[in-house]
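Here's the structure, in structure tokens; my notes come after.
The values are calculated or read from the model by the stated rules, or taken from the named source; none is laboratory data. As the structure is a prediction and not an experimental result, all values here were calculated from the model. Cβ: placed from backbone, ideal geometry, glycine included. Neighbour counts: every protein chain shown. For accessibility, only protein heavy atoms count, side chains too; no ligands or nucleic acids. Shrake-Rupley method; radii C 1.70, N 1.55, O 1.52, S 1.80 Å.
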Amino acid sequence: MAEAISSELLNQFTAIVGKKNILDSSDDLTHYTDENRGYVIGQTPLVIKPKTREEVAQILKLASETGTPIVPQGGHTGHMGGGVPISGINSIVVSTERMNKARDIDLSANTLTVEAGVILETIQDLAAQNNRLFPLSLGSQGSCMIGGNISTNAGGTGVLAFGNTRDLVMGLEVVLPDGEIWDGLNKLRKNNTGYDLKNLFIGAEGTLGIVTAAVLKLFPAPAGKEVAWAGFASTLKALDFLQLAKSKAGNQLTAFELIPRIGIEFLLKNFDNFSDPLEQPCPWYGLIEISSGRSEDDARSLTENIFSDALEKGIIEDAVLASNIAQQKLFWKMREDLPLSQHPEGASIAHDISVPIGKVPELMERGEALVTNVVPGARMVAFGHLGDGNIHFNFSSPVGADREQYMTNRKAVNEVVYQLVLELGGSISAEHGIGLFKKDALEQSKSPVELAMMRQIKNCFDPKGIMNPGKVLNMPQ
Ligand SMILES: Cc1cc2nc3c(=O)[nH]c(=O)nc-3n(C[C@H](O)[C@H](O)[C@H](O)COP(=O)(O)OP(=O)(O)OC[C@H]3O[C@@H](n4cnc5c(N)ncnc54)[C@H](O)[C@@H]3O)c2cc1C
């Protein structure tokens, strides 16, 4: 149980947002305290739900004056424990869920200005209603919020053509730890005026301030889209296909997700509504999306051209195109449900990593050998965004192994995987961030100069250390 805060402080916070927008220990706070997969159980004396940037500013000013630690929270879907109020720190959760207004859509500038608590799917829908596309696409899009996406610099399946969240944000509004409001909501595509402040807050995981609103880039809605499965004999062939498709389609290749045969087997075994994508099993599969701004026919003929060339050159074993939108959705659902399909198979030791794209086959081969050396029988379920070199390098437990027993190998498995990733010139966190879980790995992967610069930035914005303490960086006391 978290320590109660003083009644004076409670009254001051209540005066800012009103009684009905504060939750305390008499309420069920588990949604806000517990990591979404139950990996860490946090504690907080208070959850505060401001509605406006002015309320956020008053909350942070008071927190700064009283040295009260704050954990910003959006949809609380983050995978690194960044939004968990760690027990023992007595942090107060500031949830942006009531800051859910779209402020402005500008179709000539192709921008949408939204508050931090707008759910990602709502943003995608708003864009579509205006014949535009907001291309950030994650499995959690029905519940994650744009402030959280910005603060984790989220990736997802659209990065190949459109970049990650950092590439989709034009301007930001942020409340600084002392309660100052920075209004950087510009819509400028060109703005070379010194340090790019917004990029400091993107990916900062709530350690430098609270993002309250953002100007987002919109793109023309595609006129046609094709979704297909391809089967590959090896990851090298998958890379050949990626090169071929990129050379023919450029940015019209809007997704390329790699899935291993074992992933398809887990999906078929553990869910009822899927069928084997191709007639003959293949070691690897690609879920490929090709879009056209011109027409449906254009998307189809480009896709057919790429696949027939790939078949002729022996790059793919077989392929199937979705025949309608319902089937496109079903193909995508298989990809989205892949992490879930691992659950009935036992515990999984997961890594969200990236390497230079050409090194993916080496990562798979050497990584599997290293991990099975630590845990004989561990099953590699490596999948994800091949086009970005970002692989979810997961290892399901050996068949029939005890969950808890298997997870005692986590540290040793993490170590061999991260060491290999660094040797290959990769990153220990491709898209999920650092949060609570990867702080030690960050220390090992960054140079002393990089770590010193990061600590100086943290100290400069948050000298009292009230913003999300215990996350991203270990700060000297
Ligand atoms: C099923 C599933 C699929 C997923 N797929 C992907 C994927 O493909 N790619 C990917 O990148 N991630 C993925 N994620 C992880 C997660 O959804 C993303 O990290 C997402 O961006 C988090 O948004 P959120 O609103 O839930 O943030 P939260 O979890 O609430 O917070 C995340 C971090 O940001 C901080 N924060 C939140 N809001 C603010 C704010 N307004 N100002 C300052 N700091 C803030 C928090 O303190 C915390 O450190 C997935 C998660 C799930 C459950």
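Among the residues of the stretch 122-136, write down those that are open to solvent by 40 Å² or more (accessible area, probe 1.4 Å), of a type outside the set (A, V, I, L, M, F, W, C) and under 20 Å from the mean Cα position of the chain (by Cα). Within the stretch 122-136, Thr122, Asp125 qualify. Among the residues of the stretch 437-462, just one is under 15 Å from the mean Cα position of the chain (by Cα) and open to solvent by less than 40 Å² (accessible area, probe 1.4 Å), namely Lys438.
What do you reckon, is Phe219 aromatic (Phe, Trp, Tyr) and either free of Cβ contacts under 8 Å to residues at least 12 places away in the same chain or open to solvent by 20 Å² or more (accessible area, probe 1.4 Å) (or both)? Yes: the conditions hold for Phe219.
If you go through the stretch 417-437 and keep only what is under 18 Å from Pro361 (Cβ atoms) and among the β-branched types (Val, Ile, Thr), you end up with Val417, Val421. How about the stretch 351-377: which of its residues are open to solvent by less than 40 Å² (accessible area, probe 1.4 Å) and in contact (Cβ under 8 Å) with a residue 40 or more places away in the chain? Matches in the stretch 351-377: His351, Asp352, Ile353, Ser354, Val355, Val360, Pro361, Leu363, Met364, Gly367, Val371.
Taking first residues from the stretch 145-157 that are over 17 Å from Glu336 (Cβ atoms) and more than 6 Å from the ligand (Cβ to nearest atom) and partners that are open to solvent by less than 20 Å² (accessible area, probe 1.4 Å) and polar (S, T, N, Q), the Cβ contacts under 8 Å between residues at least 6 apart in sequence or on separate chains come to Ile150/Thr165; Asn153/Thr165. Residues considered: Ala214, Ala154, Ala161. Of these, the only one that is in a loop (DSSP other than H, G, I, E, B), within 18 Å of the chain's Cα centre (by Cα), small (Gly, Ala, Ser) and at pLDDT 95 or above is Ala154. The set of residues in the stretch 105-132 being closer than 23 Å to Asn199 by Cβ and outside any helix (DSSP H, G or I) consists of Asp106, Ala109, Asn110, Thr111, Leu112, Thr113, Val114, Glu115, Ala116, Gly117, Val118. Here Val227 clears all of (1) within 18 Å of Phe331 (Cα to Cα); (2) at pLDDT 95 or above; (3) open to solvent by 50 Å² or more (accessible area, probe 1.4 Å) except the condition numbered (3).
Scan the stretch 191-201 for residues that are more than 8 Å from the ligand (Cβ to nearest atom) and either part of a strand (DSSP E or B) or surrounded by 22 or more Cβ atoms within 10 Å (Cβ to Cβ) (or both) and jot them down. Of everything in the stretch 191-201, just one residue is more than 8 Å from the ligand (Cβ to nearest atom) and either part of a strand (DSSP E or B) or surrounded by 22 or more Cβ atoms within 10 Å (Cβ to Cβ) (or both), namely Lys198. Select from the stretch 158-177 the residues that are open to solvent by 10 Å² or more (accessible area, probe 1.4 Å) and in contact with a helix residue (DSSP H, G or I) (Cβ under 6 Å, 6 or more places away or on another chain) and write down the one among them that is nearest to the ligand (Cβ to nearest atom). Per the criteria, the residue is Val159. The residues of the stretch 105-121 that are within 22 Å of Gly293 (Cα to Cα) and open to solvent by 10 Å² or more (accessible area, probe 1.4 Å), listed by number, are Ile105, Asp106, Leu107, Ser108, Ala109, Asn110, Glu121. Scanning the stretch 385-425 for residues that are within 16 Å of the ligand (Cβ to nearest atom) and touching a helix residue (DSSP H, G or I) at 6+ places or on another chain (Cβ under 7 Å) yields His385, Leu386, Gly387, Asp388, Gly389, Ile391, Phe393. Please determine whether any residue of the stretch 290-298 is touching a strand residue (DSSP E or B) at 6+ places or on another chain (Cβ under 6 Å), open to solvent by 60 Å² or more (accessible area, probe 1.4 Å) and either outside any helix (DSSP H, G or I) or within 21 Å of Leu133 (Cβ to Cβ) (or both). For the stretch 290-298, residues touching a strand residue (DSSP E or B) at 6+ places or on another chain (Cβ under 6 Å), open to solvent by 60 Å² or more (accessible area, probe 1.4 Å) and either outside any helix (DSSP H, G or I) or within 21 Å of Leu133 (Cβ to Cβ) (or both): present. Of all residues in the stretch 209-268, those being within 30 Å of Glu180 (Cβ to Cβ) and among the hydroxyl-bearing types (Ser, Thr, Tyr) number 1. Scanning the stretch 202-232 for residues that are of a type in the set (A, V, I, L, M, F, W, C) and within 16 Å of the ligand (Cβ to nearest atom) returns Ile202, Ala204, Leu208, Ile210, Val211, Ala213, Ala214, Val215, Leu216. Based on this model, can you work out whether Lys471 counts as part of a helix (DSSP H, G or I), within 14 Å of the ligand (Cβ to nearest atom) and surrounded by 14 or more Cβ atoms within 10 Å (Cβ to Cβ)? It is false that Lys471 is part of a helix (DSSP H, G or I), within 14 Å of the ligand (Cβ to nearest atom) and surrounded by 14 or more Cβ atoms within 10 Å (Cβ to Cβ).
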